[in-house]
Amino acid sequence: MNQKYNELDTRLKNLILDSANDSIFLHDSEGNFIYVNEAAYKTRGYTKKELMNINLHELDAPEYSKMIEPRIKDIIEKGWSTFESAHQRKDGSIIPVEINVRIIESEDRKLFLSIARDITERKKAEKELKEVQIHLEKTVKERTQELTQTNKKLQKEINERKEAEVKTKQGKQELRVILDSSNESIFLIDVSGIIIDANEATANRFGIKKSDMIGNHIKEFIPSDTFKSRWKYFEKAFKIKKIVEFEDERNGIFFHHFISPVSEDGKVNKLAVFSKDITESKMWEEQIKLQNATLEGINKIFEKTIAVESEAKVAQEALALCEKITGSKFGFILERNLKGKLDAIAISDPGWKECLMEESNATVLLKDMEEHGVHGKASRDGISVLTNNPSSHEDSVGTPIGHPELHSFLGVPLKHTNKVLGSIGLGNKEGGYTLKDQEIIEKISFAISESLLRNRAENALKEALNEKKMLLKEIHHRVKNNLMIISSLLNLQSGYIKDEESKGLFLESEDRARSMALIHERLYESTDLKNIDFGDHIQTLVNELFHTYSNGSGCINLKINAENLGMDINTTIPLSLILNELVTNSLKYAFPEDKTGEIEIDFHSTKDEYQLTVKDNGIGLPKDLDYTKTDSLGLQLVTNLTKQINGEIELDRTGGTKFKITFPKPKEL
């Protein structure tokens, strides 16, 4: 009867052993395998027979194989060892593993019990966490072991039963050591929920002896208020005959459970339960969520800063975001003014409709507030303040009569280069504030400070630019008025001149002054001094010249073909004077004695340059006239002003006079 019981017990332990996701080996000091479990040969692509005929030196990856001998010596000295290595699958691929080795005394020889855990997923997780938080690389690497060690391969590994091979007392001891050496809680229950077996880790978890667990119902070890919800997972595993996973929490400790059906003769009548403490993994998940929320908050604040124009809107957007992140009912952003007091630049509605304060008292909360009390501590001391009982805080000065009730408060200083600018205050979070809330807002606070200062600087720059534009326009307006006065004075003075030649010079100067006045009038009216519509300006200037020099007979026909091209002020002024001289010359000299004709003006652009053409079909210039060396002041102006804009002049005397001025387009910055 005892032998039959021992065989059954051994067979059950083998079933549990083959349900484990870790690879288990028993070998001698020469590296010859005596026992391997199902996970050991399946995950390496061998049959059991193939793996039993392979030496440990052949299983280890080449770079680790040479380390076997010194490790065996170390294990013999200490009796145990834990280290990382790599095994080579049958197809040549490598499995990184963590190996826990213990020496088992077996009759007259020492055997080595090795538990090898596939750490491929852990290695991947360590790499991902290292990218997320490199400065905590060492810590994340350690925690990753807790995040990634899952037993999801159990459903592939529990496919068939293991023949009972170890029938001796030595075999029972070896199986027991394997179960008890695991850090995970492992136990076996029957269909009614009675615990059949459990390892030492399970007993330690509940703080009792293993013998006190076996034979008792599992409900004795699960809180009564949660037993029904937990037992549903066990019933589901029996029903669907597949692995069932779930997580739960007990007294602040989180567990991940794998419930694996164990079948005998094709019938599932037991469940192997593996439970793992994942508390540290959960903590790191929360830390990553916290960092992501912080980064997202900072990015949104900077996005809003670009989208809005006023400082008040920037502050209001930032406040709304902080309220949303922390779940606050209301909040405010205060700025220290020149008097050393506090002004509210953003405030949400804490319930003003129900507020019983008088309007005059409520106004005090927005301007020139004293920097005292809980609300002023953050800006006054330059440190954060968190209280879930504001009325009992040592700095509390109470709230004004009628002020909405304050249940909890979080205040964080707004700083720039270690200088306190003000503070952000948040109130009445459901359940109170935590240090995580404080940490997030402290990290976001620098973005709020930068956004406010940046928006303020941008608005100051815009205001300065607008003032500069207005000043330039006023200058052009005054220059235009002064030129018109000069033109009028020249006109009056010419009335007293008897010599026709001298009088003509005065009139030409008058025309030039009027033309320049017209240019400055256009500049005054222009909204953009770097993009003046020169095509429209040509129409205005030439029509003004025709009105001055035409006798009203209609003998001269005007034809203008000008593109509406934008020119800057540095090109518009000299080009306008050039046009003034050329058109004036045509009107005065090309058609003597009321001769009929046509003046044609063309202005357009090519890929790299502009072209201005003034053409008439009048009597033309004298053949012996060199316009570059003439005594004519007008043509001298045309030559010099063309050089000023880096242009070139072409003169065509065919069928009249044609001047073509070509000059380059300015380089784009």
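Some points to look at:
- Long-range amide H partners of Asn337 with built H, under 5 Å: Leu342, Asp343
- Checked against a 32 Å cut-off, the cross-linked pairs Lys530/Lys615; Lys339/Lys530; Lys127/Lys313; Lys282/Lys313; Lys313/Lys339 give Cα-Cα distances beyond that limit for Lys339/Lys530; Lys127/Lys313; Lys282/Lys313.
- With 0.36 nm allotted per residue and the present C-alpha distance subtracted, the Ile485-Lys660 stretch has 59.7 nm of extension available.
- For Asp568, residues with placed amide H under 5 Å, excluding near neighbours: Ile532
- Nitroxide proxy distance, nm - points 7 Å out along Cα→Cβ at Glu249 and Thr279: 1.3
- R0 of 60 Å, Cβ-Cβ distance Met52-His372: FRET efficiency to nearest 0.05: 0.15
- Accessible surface of Ser348 - all protein chains present, 1.4 Å probe, nearest 10 Å²: 20
- Rounded to 0.05, the FRET efficiency of the Gln539 and Leu338 pair, given R0 = 56 Å and the Cβ-Cβ distance, is 0.55.
- Of the solvent-accessible surface of the stretch 200-267, computed with a 1.4 Å probe and all protein chains present, 49% belongs to carbon and sulfur.
- Length gained on full extension, Lys588 to His393: 60.9 nm, using 0.36 nm per residue less the C-alpha separation.
- Take 418-430, 60-72 and order them by the average number of nearby Cβ atoms within 10 Å per residue, most first; the result is 418-430, 60-72.
- Sorting His256, His372 by solvent-accessible area of protein heavy atoms yields His372, His256, largest first, with a 1.4 Å probe.
- For the stretch 178-250: accessible area per residue (Å², 1.4 Å): 55
- Amide H partners (placed H, <5 Å) of Ser106, local residues excluded: Leu111
- Computed over protein heavy atoms with a 1.4 Å probe, the accessible surface of the stretch 535-669 works out to 55 Å² per residue.
- Applying 1/(1 + (r/R0)^6) with r as the Cβ-Cβ distance of Asp631 and Ile560 and R0 = 25 angstrom yields a FRET efficiency of 0.25.
- Carbon-plus-sulfur accessible fraction, the stretch 549-669 (probe radius 1.4 Å, protein heavy atoms only): 45%.
- Based on protein heavy atoms only, the stretch 71-121 ends up with 53 Å² per residue of surface accessible to a 1.4 Å probe.
- The gain in end-to-end length when the His217 to His416 segment is fully stretched comes to 65.3 nm, 0.36 nm per residue minus the alpha carbon separation.
- Solvent-accessible area, 1.4 Å probe, carbon plus sulfur percent, for the stretch 392-448: 52
- Between Ser263 and Ile208, the modelled labels are 3.3 nm apart [label points 7 Å from Cα along Cα→Cβ].
The values are calculated or read from the model by the stated rules, or taken from the named source; none is laboratory data. Quantities reported herein were computed from a predicted structural model and do not represent experimental measurements. Cβ: placed from backbone, ideal geometry, glycine included. Neighbour counts: every protein chain shown. When the accessible area is computed, the model is the full protein with side chains, heavy atoms only, and any ligands, DNA or RNA have been set aside. Shrake-Rupley method; radii C 1.70, N 1.55, O 1.52, S 1.80 Å.
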